[in-house]
Amino acid sequence: MPLDKAATKEPTFTLIDNRTGQNWNFPILSGSLGPDVIDVRRLYAETGMFTFDPGYTSTASCESTITFIDGDEGVLLHRGYPIEQLAAKSDFLEICYLLLNGELPTKVQKKEFWKGITYHTMLDEKLKSFYQGFRRDSHPMAIMCGVVGALSAFYHDSLDIHDPEHRQLAIYRLIAKMPTIAAYAYKTAVGQPFISPRNELGFAENFLHMMFATPCEEYKVRPKVARAMERILVLHADHEQNASTSTVRLAGSSHANPFACVAAGIASLWGPAHGGANEAVLKMLNEIGSKNRVPEYVKRAKDKDDPFRLMGFGHRVYKNFDPRATILRESCHEVLDELDVGEEPLLELAMELERIALQDDYFIKKKLYPNVDFYSGIIYRAMGIPVSMFTVIFAIARVAGWISHWNEWIQEPEQKIGRPRQLFTGATKRNFVPISQRR
Ligand code: CMC
């Protein structure tokens, strides 16, 4: 339901300017869940002032019906369904359908969706030649940004964002090709031939097959490992207005094509404060090296003068346990048992870090709990996936959320280009100084 209809125009929020005593009323809007919002769209027109909220800590940037998070209670719902139920009973493509369409698919719809996706898993042969241009030691996320952005140069028949058929085709292509693009980035790094997608395999299974199979011998993905990867994809599929999703929405607000928008999302995800954290967790664990050095690093994390932070701890929204982390913690042990990795020193180290941090006053007071990236890295490592591919797997999953949010935005009746304001604190107007007179 459009917010303007759902919203109560009364009560209102009164803003008083203490300098002049002047006051204004702004409508308070109520969603179906979550805090009410003050509708400040007319603030500048009526008061001549902007709001100031760097990092959007108190700003709802859009109206959405896709995902709801209650960070205080550790709740994550996709279209109303709790993540715990989806992780236990569903699969990644079903989540894609749910995020995109708002409802779980019927058997027929699921079959059609599956067919639609698998039809697009291959890459254009010319696109494959791109990989030869990258250095062998290129970071796979760099390759992802480039190759996904380049899709818009190949698929001109799906670039008209106002045509629902074009949009659907672009959505199918993005979901379908991400695992192939990602696996080929890995193959480039290890100098092995590309393995074509096999459409009879499950989504996660197909990705693992393209990663680890070689033309020399039969490769069978272990069902438990495929299931764990499928679950990781489900858990990472969407997380409402995070940095990369907001990037995709903002890029889309200029009516850029979906491939370009998703490439922008991949770039945003790459940073260690966002999707790059899973890679940073492993690097940190390696740096710590042994259990007895954990207290030293916990001490550093608490030191205001030390930039070191415990990677995989804390979240902008979850000020309680991250529900995805709870599920992955279990998966982590299952995968380690299945793969019989024995005593895994890094896992032991991670558990010790988790134990100490959860007992420490600093982390308790600041509500810094382990997040999803803390556990996913350990699972990837056990599966033999190199650290540089961790964030790439996040991107394969998150494309579902990015493209659902992009599609939601594009169908909004009132589309405004995203254009934040600023609090300017730079130089005021002054005259140009010729170079001969500058000192
Ligand atoms: N280790 C030590 N101290 C921390 C940490 C941490 N990991 N995270 C936050 N703090 C402290 C921070 O120093 C600050 O202290 P003070 O109030 O005394 O200045 C306080 O906790 C609040 O931190 P913040 O930076 O204001 O919180 P934020 O909501 O802006 O940042 C975060 C959230 C995820 C960027 C941050 O917790 C962090 O850098 N964590 C490590 C990186 C990480 O694991 N990122 C993955 C996020 S989950 C996956 C995803 O969404 O992509």
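For segment 353-363: of the residues being more than 26 Å from the chain's Cα centre (by Cα) and open to solvent by 40 Å² or more (accessible area, probe 1.4 Å), which is nearest to D303 (Cα to Cα)?
First, pick out the residues of segment 353-363 that are more than 26 Å from the chain's Cα centre (by Cα): 355-356, 359-362.
After this cut, where a residue has to be open to solvent by 40 Å² or more (accessible area, probe 1.4 Å) as well, the list is 355, 359, 361-362.
Values: R355: 19, Q359: 17, D361: 13, Y362: 10 Å.
For segment 353-363, the residue satisfying everything is Y362.
Pairing residues of segment 303-325 that are polar (S, T, N, Q) with residues that are more than 9 Å from the ligand (Cβ to nearest atom) and open to solvent by less than 50 Å² (accessible area, probe 1.4 Å), at Cβ distances under 6 Å and at least 6 apart in sequence or on separate chains, gives N320/G74.
Take residues that are among the basic types (K, R) and within 11 Å of the ligand (Cβ to nearest atom) and tell me which of the helices (runs of 4 or more DSSP H) falling wholly in segment 268-353 contain 2 or more.
Numbers: elements: 277-288, 294-302, 323-338.
Counting at least 2 such residues, we get 294-302.
Where strands (runs of 3 or more DSSP E) sit wholly within segment 1-114, those with at least 2 residues that are closer than 29 Å to Y369 by Cα occupy 67-70, 75-78. Being assigned to a loop (DSSP other than H, G, I, E, B), away from the ligand (no atom under 11 Å from the Cβ), at pLDDT 95 or above and open to solvent by less than 50 Å² (accessible area, probe 1.4 Å) is true of A256. In the condition set (1) surrounded by fewer than 18 Cβ atoms within 10 Å (Cβ to Cβ); (2) hydroxyl-bearing (S, T, Y); (3) modelled with pLDDT of 95 or more, S152 is compliant with all but (1).
Matching residues to (1) part of a helix (DSSP H, G or I); (2) closer than 20 Å to I410 by Cα; (3) away from the ligand (no atom under 12 Å from the Cβ):
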{"position": "A226", "(1), (2), (3)": "yes, no, yes"}
{"position": "R231", "(1), (2), (3)": "yes, no, yes"}
{"position": "L235", "(1), (2), (3)": "yes, no, no"}
{"position": "E240", "(1), (2), (3)": "no, yes, no"}
{"position": "C261", "(1), (2), (3)": "yes, yes, yes"}
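Given the condition under 17 Å from A397 (Cβ atoms), among the small types (G, A, S) and in a loop (DSSP other than H, G, I, E, B), answer yes or no: does some residue in segment 186-204 qualify? Looking through segment 186-204, at least one residue is under 17 Å from A397 (Cβ atoms), among the small types (G, A, S) and in a loop (DSSP other than H, G, I, E, B).
Checked against the criterion of being hydrophobic (A, V, I, L, M, F, W, C), open to solvent by less than 20 Å² (accessible area, probe 1.4 Å) and within 18 Å of N242 (Cβ to Cβ), the candidates A273, A301, A277 yield just one match: A277.
Pairs are defined by a Cβ separation below 7 Å, a sequence spacing of at least 6 or placement on different chains, a first member in segment 350-372 that is over 24 Å from H236 (Cα atoms), and a second member that is more than 12 Å from the ligand (Cβ to nearest atom) and of a type in the set (V, I, T); the pairs so defined are E352/V294; I356/V294.
The values are calculated or read from the model by the stated rules, or taken from the named source; none is laboratory data. These numbers were taken from a predicted model, which means no experiment stands behind them. As a convention, Cβ positions derive from the backbone with ideal geometry for all residues, glycine included, and neighbour counts pool all protein chains shown. The protein model used for the area step is the full one, side chains on, heavy atoms only, and it has no ligands, DNA or RNA in it. Shrake-Rupley method; radii C 1.70, N 1.55, O 1.52, S 1.80 Å.
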